[in-house]
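The values are calculated or read from the model by the stated rules, or taken from the named source; none is laboratory data. Given the structure is predicted, the values throughout are model-derived calculations rather than measurements. Because the Cβ atoms are built from the backbone with ideal geometry, glycine has one as well, and the counts that use them run over all protein chains shown. Keep in mind that these areas ignore ligands, DNA and RNA; they rest on the heavy atoms of the full protein, side chains included. Shrake-Rupley method; radii C 1.70, N 1.55, O 1.52, S 1.80 Å.
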Amino acid sequence: MQASNLRFHPIMLNSESIALDGRILQCFCAVAEELHFGRASARLFISQPALSQQIRRLEDLVGHPLFVRTTRSVRLTPAGEAMYVHARRITAEMEVLLHAARRAALGETGSISLGLNASATCSPVVDALHSFTQAHPLVKVELREMNSNVMELALLQGALDVGVMRPADWDTDTGTELDATVVYEENLMLAVRTDHPLNLGREITVQEIAQFPLIGYFEATSPYVRRTVQAMFAEAGVVPEFVQESLLPTVLTLVEAGVGVAIVPSSLERAFQPALSFLPIAGQSHRRLELVVATLKSQKNVAVRNLIACLVSMASAPGRR
């Protein structure tokens, strides 16, 4: 077989291609579109001599004139016409590139995976989240309803960017990798059926509550709320009867079914059935349940930081606690 006469030459970046920057292309496009150096310089807010210098620099790089200049007119040469086709596309793409980079740097684009526990879905956190998505329409927020006890691992493994959860006893080996900020605090309330004897339209004491069957929380899924409720009865010196354990929101379904009463976060009052009443518990104003927003300390996503700032500032604002 006869050897081919074709030879392939590698394309390499050199000082000339590096010198072909965005500014010089903008100057060229302005002159190509205006066909008048005075109008082009006014459009670019630079002096006419400075514009002419840029065009001469570009022509030196090309090695051929790009414009035919006379005292009466300016027009493109064939080399200038070819240059303009590509320069117009390149400058447009550079504008898109710069705009996209700036928006990403400011956290105005991107995606966030956000874990919410059941209580958080009924809290002012949701209102704050809505405000964030309205203010950042190009940030995609993927919501995942999860139990608080599994969010730590999800955050450490990168399956979640942010978790809105109950406080956890961070593992001593991994807890230092996480940042957690209180985003919302709420009281405990007693959930009863509207026809229950405890629905007296007033505060209910811990001693009164202990006289009725109670629905509690699984240790595996709700350790924080479980410990808080147990501490309430321990301080009052009474031993309640827990007839069943569950997790939110199933606890409220059990209350509605008449299985017992339950001590629940106050945020659930705004989301659930008219068949239930939510009663304040006397002497427990000091006992607050916390929701925290957690993320990796090494988190670099600016959109995530913006979301956390929004949740903290809005959900924990005065009047929302």
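Computed values, structure above
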read-out	value
Pairs, first on the phi < 0 side of the Ramachandran plot in region 226-254, second among the aromatic types (Phe, Trp, Tyr) and open to solvent by 40 Å² or more (accessible area, probe 1.4 Å), C-beta under 7 Å, six or more apart	GLU245/PHE218; SER246/PHE218; LEU247/PHE218; LEU252/PHE272
Failed criterion for PRO65 (all others in (1) free of Cβ contacts under 8 Å to residues at least 60 places away in the same chain; (2) under 30 Å from THR250 (Cβ atoms); (3) in contact with an Asp or Glu (Cβ under 7 Å, 6 or more places away or on another chain) hold)	(2)
Single match in ALA303, ALA262, ALA220 (criterion: hydrophobic (A, V, I, L, M, F, W, C), out of contact with any Pro (no Cβ under 8 Å at 6 or more places or on another chain) and part of a helix (DSSP H, G or I))	ALA303
Subset of region 67-98 (residues that are among the hydroxyl-bearing types (Ser, Thr, Tyr), surrounded by 13 or more Cβ atoms within 10 Å (Cβ to Cβ) and outside any helix (DSSP H, G or I))	THR77
Matching entry among THR181, THR176, THR228 (being open to solvent by 70 Å² or more (accessible area, probe 1.4 Å) and either out of contact with any helix residue (DSSP H, G or I) (no Cβ under 9 Å at 6 or more places or on another chain) or part of a strand (DSSP E or B) (or both))	THR176
Matching entry among ALA118, ALA154, ALA101 (being touching a residue at least 12 places away in the same chain (Cβ under 8 Å), closer than 19 Å to VAL304 by Cβ and not in a strand (DSSP E or B))	ALA154
Matching residues in region 257-274 - criterion: being closer than 30 Å to ASP127 by Cβ and modelled with pLDDT of 85 or more	VAL261, ALA262, ILE263, VAL264, PRO265, SER266
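Let's see how each residue does on (1) open to solvent by 30 Å² or more (accessible area, probe 1.4 Å); (2) under 32 Å from the mean Cα position of the chain (by Cα); (3) under 16 Å from ASN187 (Cβ atoms):
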| position | (1), (2), (3) |
| --- | --- |
| VAL206 | no, no, yes |
| PHE212 | yes, no, no |
| GLY216 | no, no, no |
| VAL264 | no, yes, yes |
| LEU268 | no, yes, yes |
